[in-house]
Amino acid sequence: MMDTENPHLRLQQQIDCQLETNPREALKSWERAGWNEEPGTDVDEAPLKYMALVLLDAIEERAARFAVEKDEGVTVYADSTYTLPQAPPHVIARGLELMREMVGLEGPSGEGTLSLGIRNDSLELVIQKQAGLHTINIPDMGPVT
């Protein structure tokens, strides 16, 4: 039975499900479809899927970090700086809330670490929150060249 109460496990499962997709193209396609989800999915499915696709895109691009703000969307800092398709603010806000829960961030600012398993490897993300801006650093990617 799937643990529907564990957002960390559910994020990991979303990442595993999306590994073979092109995350940026999946986001663009989802945006063209109006950010609709399959009927019967719970309220956290779309936010977790969005965060998984954003994470996978940043990892594929070997980004040093990306910034997320519910009203501004996602900016990725890799070899070049670019923005990803912006999901509705409520989807982004819930995705950020779930990530804060995963790392125990409370209050207007703070920092926490999130461990994920990706392609038989582990990755430590450092999540920094300052007011509404969340910066996710990917230190294991090394410097962007």
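Tabulated results
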quantity: Some residue of the range 26-44 being surrounded by 14 or more Cβ atoms within 10 Å (Cβ to Cβ), polar (S, T, N, Q) and modelled with pLDDT of 95 or more; calculated: no
quantity: Residues (touching a strand residue (DSSP E or B) at 6+ places or on another chain (Cβ under 9 Å), modelled with pLDDT under 95 and not β-branched (Val, Ile, Thr)) located in the range 134-144; calculated: Pro139, Asp140, Met141
quantity: Qualifying positions in the range 1-20 - assigned to a helix (DSSP H, G or I) and either touching a His at 6+ places or on another chain (Cβ under 9 Å) or free of Cβ contacts under 8 Å to residues at least 40 places away in the same chain (or both); calculated: Leu9, Arg10, Gln13, Gln14, Asp16, Cys17, Gln18
quantity: Residues within the range 63-79 that are among the hydrophobic types (A, V, I, L, M, F, W, C) and closer than 20 Å to Pro47 by Cβ, tallied; calculated: 5
quantity: Selected residue (criterion: surrounded by the fewest Cβ atoms within 10 Å (Cβ to Cβ)) from residues of the range 108-138 that are free of Cβ contacts under 8 Å to residues at least 24 places away in the same chain and not in a strand (DSSP E or B); calculated: Asn120
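The values are calculated or read from the model by the stated rules, or taken from the named source; none is laboratory data. Keep in mind that what you see is a predicted model, and the values were worked out from it rather than measured. Cβ: placed from backbone, ideal geometry, glycine included. Neighbour counts: every protein chain shown.
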